[in-house]
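The values are calculated or read from the model by the stated rules, or taken from the named source; none is laboratory data. All of these numbers come straight from a predicted model, not from anything done at the bench. When we count neighbours, we look across all protein chains shown, and the Cβ atoms used for this are built from the backbone with ideal geometry, even at glycine. These area figures cover heavy atoms from the full protein model, side chains too; ligands, DNA and RNA do not enter into them. Shrake-Rupley method; radii C 1.70, N 1.55, O 1.52, S 1.80 Å.
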Amino acid sequence: MRNGVAVRAAAAAVGGALLVLGAVGCGGPEHDKPGARDRADGKPRETVLKRVPGVGDRLWKRVPAESRQVLLVSGEGRDSAESHAALYTRKGSVWTRERAWDTHNGRKGWTTDHHEDDLRSPVGVFTLSDAGGVLAAPEGARLPYTESAAFQAPHYWKKSYWHDFDRVIAIDYNRVRGTAPNDQTRPQGQSKGGGIWLHMDHGSGTSACVSQSGADMEYLLRTLDPAEHPVVVMGDEADLRA
């Protein structure tokens with residue numbers, strides 16, 4: 001089924017246990033937050049920047065020179081599940097904030113040494129290469145997209161979680177780029193976790209993923225462009241600035 005994007009053949013249906021392994025990775029003050037909305041209509045102020053604010057030299061050096069789209073996810077604290085996202089784009093040497101919204105991250109916060117089931121999101125800079133979900137890709141989506149029922153969250157989870165994986169974007173942490181987000185390959189080994197995605201929100205913290213509203217997921221899928229080499233820079237505010 002093609003939707004104007006590069007579509008891989010849907011992954012073979014997997015059992016509930018396998019899906020749980022694939023997805024296991026998976027509000028606050030509105031001022032002085034790099035990702036917080038700062039106007040009543042949710043649109044950012046007109047800002048011209050030479051680099052993405054709130055990111056220190058340590059992480060900024062890891063952003064590839066060819067990247068012209070940076071999704072910044074800024075956590076409110078190392079042990080907080082509350083965070084904010086903002087998408088920045090670069091033209092020439094100037095960065096512009098395009099949109100900002102609220103997000104959730106790992107239930108226990110953030111870590112610079114992520115391990116499976118620690119319920120913390122990994123701090124770092126990661127490419128965004130592949131997408132998928134239970135639903136078809138929204139019209140205009142650009143990332144390679146795998147539509148498959150295999151993404152369905154198990155129905156023994158809370159009902160509020162059932163639609164988490166309707167649409168997802170893989171965060172390229174401990175995974176093979178160019179594969180479906182629910183591919184189980186873990187180059188660094190199973191103990192380092194994986195299956196960490198951008199996905200739809202259920203109103204609270206995740207196992208390690210970053211969640212946002214369905215409208216914000218659609219915006220990302222329509223906006224992130226492989227030709228712009230998109231990355232996510234994510235972490236709690238202190239680690240981001242270090």
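Our estimate of slack between residue 65 and residue 160, defined as 0.36 nm per intervening residue step minus the Cα-Cα distance, is 30.2 nm. Cα-Cα over 26 Å: which of 159/192; 61/192; 108/158? Going by Cα-Cα distance, 159/192 fall outside the 26 Å limit. The P(r) of the stretch 113-242 has a tail past 18 Å containing 53 percent of all C-alpha pairs.
Think of a 1.4 Å ball rolled over the protein heavy atoms: the stretch 193-240 then has 23 Å² of accessible area per residue. For the pair residue 50 and residue 228 in one chain, pulling the backbone fully straight at 0.36 nm per residue adds 62.3 nm over the alpha carbon distance.
Using DSSP to call loops (not H, G, I, E or B), can you name the chymotrypsin sites (Phe, Trp or Tyr not before Pro) in the stretch 126-211 whose Cβ has at most 12 other Cβ atoms within 10 angstrom? Counting only loop positions with at most 12 other Cβ atoms within 10 Å, the chymotrypsin sites (Phe, Trp or Tyr not before Pro) in the stretch 126-211 are 156. Counted by Cβ distance under 9 Å from residue 202, the other residues give a net charge of -1, where Lys and Arg count +1 and Asp and Glu count -1. Sparsely packed loop sites in the stretch 54-103 (the chymotrypsin sites (Phe, Trp or Tyr not before Pro) outside DSSP H, G, I, E and B with at most 16 other Cβ atoms within 10 Å) do not occur. For the stretch 108-225, the share of DSSP beta bridges that are antiparallel, to the nearest 5, is 40%.
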